[in-house]
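The values are calculated or read from the model by the stated rules, or taken from the named source; none is laboratory data. In this text the structure is predicted, and so the values were computed from the model without any measurement. Here the Cβ is made from the backbone with ideal geometry for all residues, glycine too, and neighbour counts use every protein chain on show.
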Amino acid sequence: MICNTKIGILGGGQLGKMLVQAGSRWDLDLWTMDKDFDFPAAKVTNQFIQGDFTNYDLVYQLGRLVDIITIEIENVNVEALFKLEKEGKEIYPQPSVIQTIKDKKLKKNFYHSHQIPTSAYELVENAGE
């Protein structure tokens, strides 16, 4: 490895595989977590960790093993990422951004408050509204 920095990727689907393939051009130490060894990135990553990226403990443990964390899917355990961020771990995108992406209400309000064009919407709190 030219780069001693360990980069953890939460999610090992097609995008994760492409991230690993691109990173391998720079000889990066890439670690990927996903639920099954059959996921595309498992076949090309330096380290594959079988685990659920929505599980707080598993995400936190991966974060302790690597220097930088990124995601290839937004459905990850954000609470673990917030804790890791408080401990000084580099996370891209930041947990607050991931939280906004995951929550459609937060995302639409973000678009509106930053004058980013979006489709018309109405926020409802439950199916009865």
Result of the Cβ filter at 7 Å on region 48-75, keeping first residues that are polar (S, T, N, Q) and partners that are part of a strand (DSSP E or B) and crowded, with 17+ Cβ neighbours inside 10 Å, at least 6 apart or interchain, is THR70/ILE7; THR70/ILE9
* Tell me, please, whether a residue that is in contact with an Asp or Glu (Cβ under 7 Å, 6 or more places away or on another chain) and hydroxyl-bearing (Ser, Thr, Tyr) can be found in region 90-110. => no
>> Based on this model, can you work out whether ILE73 counts as modelled with pLDDT under 95, under 15 Å from LEU10 (Cα atoms) and not acidic (Asp, Glu)?
In response: yes
Only one of TYR121, TYR92, TYR56 is exposed (fewer than 15 other Cβ atoms within 10 Å of the Cβ) and in contact with a strand residue (DSSP E or B) (Cβ under 9 Å, 6 or more places away or on another chain), namely TYR92
Of the candidates VAL97, VAL124, VAL78, the one satisfying the condition of being in contact (Cβ under 8 Å) with a residue 12 or more places away in the chain and either among the hydrophobic types (A, V, I, L, M, F, W, C) or touching a helix residue (DSSP H, G or I) at 6+ places or on another chain (Cβ under 8 Å) (or both) is VAL78
